[in-house]
1. Enumerate the calculated ³J(HN,Hα) couplings along the range 204-217 in order (Karplus 6.51 cos²θ - 1.76 cosθ + 1.60, θ = phi - 60°), each rounded to whole Hz, writing x wherever the residue is Gly or Pro.
2. Using +1 at the Cβ of each Lys and Arg and -1 at the Cβ of each Asp and Glu in the range 163-326, identify which of 276, 167, 185 lies farthest towards the dipole's positive end.
3. Using the Karplus curve 6.51 cos²θ - 1.76 cosθ + 1.60 with θ = phi - 60°, work out ³J(HN,Hα) for each residue of the range 129-138 in order, rounded to whole Hz, and write x for Gly and Pro.
4. Once every DSSP H run of n ≥ 4 in the chain is given -39500 (n - 2.57) and the sum is divided by its residues, what mean residue ellipticity at 222 nm do you get, rounded to the nearest 500 deg cm²/dmol?
5. Would you grab the residues whose amide H sits under 5 Å from the one on residue 69? Only those 5+ places off in sequence or on another chain, please, with H modelled 1.01 Å from N.
6. Between the range 178-240 and the range 34-57, how far is it from one alpha carbon centroid to the other, in angstrom?
7. Plugging the Kirkwood radius over Cα pairs into Stokes-Einstein for the chain, at a temperature of 37 °C and a viscosity of 0.692 mPa s, what D comes out in µm²/s?
8. So, with +1 on the Cβ of K and R and -1 on the Cβ of D and E, and no other charges, what is the size of the charge dipole of the range 163-326 about its Cα centre, to the nearest 20 debye?
Amino acid sequence: MPGTHRPLRLAINGYGRIGRCFLRALLESPVTHNLQVVAINEPADLASMAYLTRFDSTHGRFPGQVEVGEDALLIDGHRIVVSHARKPEDVAWQELGIDLLIESSGCYGRRAELSRFLDAGCPRLLLSHPGLSGSDVDATIVNGINHASLRGDERLVSAASCTTNAIVPILDLLDREIGIEQAMLSTLHSVMNDQPLIDGYHHTDLRRTRSAMQSIIPVSTGLARGIERLLPQLAGRVHAKAIRVPTLNVSAIDLTISTRRDVSVAEINALLAATASGPLRGLIAYSEAAHASIDFNHDPHSAIVDGSQTRTAGPRLLNLFVWFDNEWGFANRMLEVAGHWSQHWTQESIT
């Protein structure tokens, strides 16, 4: 980055599934990033934070050393200051001297709510979820699609969602190459922490009061709106539904497309395989092996196209099946968006 040599100072607000994966992705990344986590704000107690960093039921043991310091986590000897505030205003963000806050609590979606962090001293926010509307953030970024649109003067940026990152590059490719008349997506998503283990009063959506591990549960989704925000040319032509399934991690998208011209399974698979080994290498992968979802746990790709499941019904109805690690893949995309964004910051704009 022009004009600076020190690592950029990051803080994490909300040290749950994505917050912990983001920290771990930064440390495990094969790419050297000029980023360093220096602070975490999480209401949970410090001992529990350290424990859940060390031991993860989904991604396995942490590969480094985790210790508890005085009001801090010590990761491989690096001190990360820890606070336990429940309000943005109750953290001395400016005193921490951070350049970017990773907002991964999921508790703030409106611009007025997010601006509380800015007013409290955070220079910039990167959200681990879409804003409730396009106007709530300065930019919504999917790496591989529109990351080059970042200018550096944004203050509120969203990394979209795990599902959006998985499917938007594929929809963009197919619309350019074969044309999309209509698209229907069904997301088969692993359980999330807004669902109870046993029936309980966890949500206003009555289906989400049911035991997450005993049923396949339809839930509402804003995926179609998120896709249209990034691919406005598909407005009104993409439809989506979501179903939670009783697995801990790795999700899938069943995608059906009405195409503008005749297609074949062989043509589509060749196109997707070439893209996975070419322009979207590292973001999209392709396989025809006999997979189960567990094969993609801790897979850093945004999506893995399962070519063995590609089907056509007639010349212009196409069906695809796409796997993605909804935690690890998305955490890696957040890390990359932070890196792309920071390349545009000037020395004067860094605290």
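None of the figures in this text is laboratory data; all of them are computed from the coordinates on show. What you are looking at is a predicted structure, and each value in this text was computed from that prediction instead of being measured. Ideal geometry is used to build each Cβ from the backbone, glycine not excepted, and the neighbour counts take in all protein chains shown.
1. For the range 204-217, the Karplus curve yields 6, 6, 4, 5, 7, 8, 8, 4, 5, 9, 10, 9, 8, 10 Hz.
2. Value computed over the given set: 185.
3. 7, x, x, 5, 8, x, 6, 7, 10, 7
4. Mean residue ellipticity at 222 nm (helix-derived): -7500 deg cm²/dmol.
5. The answer is 74.
6. After rounding, the separation between the Cα centres reads 28 Å.
7. 156
8. Using only the charged Cβ atoms, the result is roughly 420 debye.
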